Amino acid sequence: MKLFIYHTPELTPTNSLPDCAIAVDVLRATTTIATALHAGAEAVQVFSDLDKLMQVSGEWLPSKRLRAGERGGAKVSGCDLGNSPLDCTPEVVKGRRLFISTTNGTRALQRVELAPTVLAGAFINRASVVQYLLANLPETVWIVGSGWEGSFSLEDTTCAGAIAHTLLTKLNCPLAELAGNDEVAGAIALYQQWQDKLVEMFHHASHGQRLLRLNAHEDLKYCAETDILDVLPIQKELGVLVKKD
């Protein structure tokens with residue numbers, strides 16, 4: 001297995017795809033997707049374009065859909081939800097499809113949607129991601145951070161490092177054998193620095209500060225929880241993620 005980490009969708013190669021791609025948007029899209037599927041959502045369908053989300057979701061009965069829209073960290077007018085994982089309780093999402101568009105995370109998923117296997121990863125389901133990789137041993141793996149509007153995000157690369165660090169430990173192999181690019185070593189180092197103080201790391205991160213200004217303190221605490229959900233969002237058709245059995 002060769003693992004590559006890319007800080008943003010824009011930094012991924014344009015002339016190739018991996019056997020397995022993992023999109024990471026800790027704050028908050030992939031955390032929200034994992035939480036919604038764990039709470040019983042039928043599926044999560046992602047969109048980079050809000051108008052397209054409204055058009056496609058309009059074909060569904062209101063009782064069977066939820067529209068989740070976020071721009072700049074805030075809920076989009078006309079949507080049922082924003083991008084808070086704490087809103088995705090079983091009472092709200094069970095049996096319904098979540099149609100979601102966010103500033104960054106849905107762009108990362110769409111960048112890699114043509115890969116044979118597409119997963120959504122976050123701190124909360126890190127163990128499930130690693131378990132899948134160990135069970136299937138894809139030849140090439142990309143972890144793609146969502147970043148913020150094309151720029152590096154501390155929290156996404158730290159989460160990529162958490163996945164890489166655990167994978168390295170479980171495989172018990174040299175870093176040089178696993179790492180496909182230098183970003184893997186950098187991400188692991190970031191995780192080792194912050195692993196015991198993830199909430200503090202979020203407070204340093206620019207997007208964490210953005211969310212704090214929106215009073216999303218509880219979201220940050222939740223997004224910093226590690227390995228709390230046994231759930232793996234996997235793409236079953238373009239742009240549609242379901243809970244892997």
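Quick rundown of the values:
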{"quantity": "Selection count where residues are surrounded by fewer than 24 Cβ atoms within 10 Å (Cβ to Cβ) and either closer than 18 Å to His203 by Cβ or under 11 Å from the mean Cα position of the chain (by Cα) (or both), scope the range 129-146", "calculated": "0"}
{"quantity": "Considering residues of the range 86-127 that are in a helix (DSSP H, G or I) and open to solvent by less than 10 Å² (accessible area, probe 1.4 Å) only, the residue nearest to Leu27 (Cα to Cα)", "calculated": "Gly105"}
{"quantity": "Residue match in the range 55-75 (condition: more than 27 Å from Thr226 (Cβ to Cβ) and among the aromatic types (Phe, Trp, Tyr))", "calculated": "yes"}
{"quantity": "Enumeration of residues in the range 1-43 that are within 26 Å of Lys170 (Cα to Cα), open to solvent by 10 Å² or more (accessible area, probe 1.4 Å) and acidic (Asp, Glu)", "calculated": "Asp19"}
{"quantity": "Qualifying residue in the range 40-55 (condition: at pLDDT 95 or above, part of a loop (DSSP other than H, G, I, E, B) and touching a helix residue (DSSP H, G or I) at 6+ places or on another chain (Cβ under 6 Å))", "calculated": "yes"}
{"quantity": "Whichever residue in the range 185-230 is open to solvent by 90 Å² or more (accessible area, probe 1.4 Å) and of a type outside the set (D, E, K, R) and, among such residues, is nearest to Ala162 (Cα to Cα)", "calculated": "Gln192"}
{"quantity": "Unmet criterion (only one of (1) touching a Cys at 6+ places or on another chain (Cβ under 9 Å); (2) open to solvent by less than 50 Å² (accessible area, probe 1.4 Å)) for Asp156", "calculated": "(1)"}
{"quantity": "Test set (1) part of a helix (DSSP H, G or I); (2) of a type outside the set (Val, Ile, Thr); (3) in contact with a Ser or Thr (Cβ under 8 Å, 6 or more places away or on another chain) - Pro138 fails condition number", "calculated": "(1)"}
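The values are calculated or read from the model by the stated rules, or taken from the named source; none is laboratory data. Computed from a predicted structure; not experimentally measured. Heads up, the Cβs are rebuilt from the backbone with ideal geometry, glycines too, and the neighbour counts pull from every protein chain shown. SASA here: full protein model, heavy atoms, side chains in, ligands and nucleic acids out. Shrake-Rupley method; radii C 1.70, N 1.55, O 1.52, S 1.80 Å.
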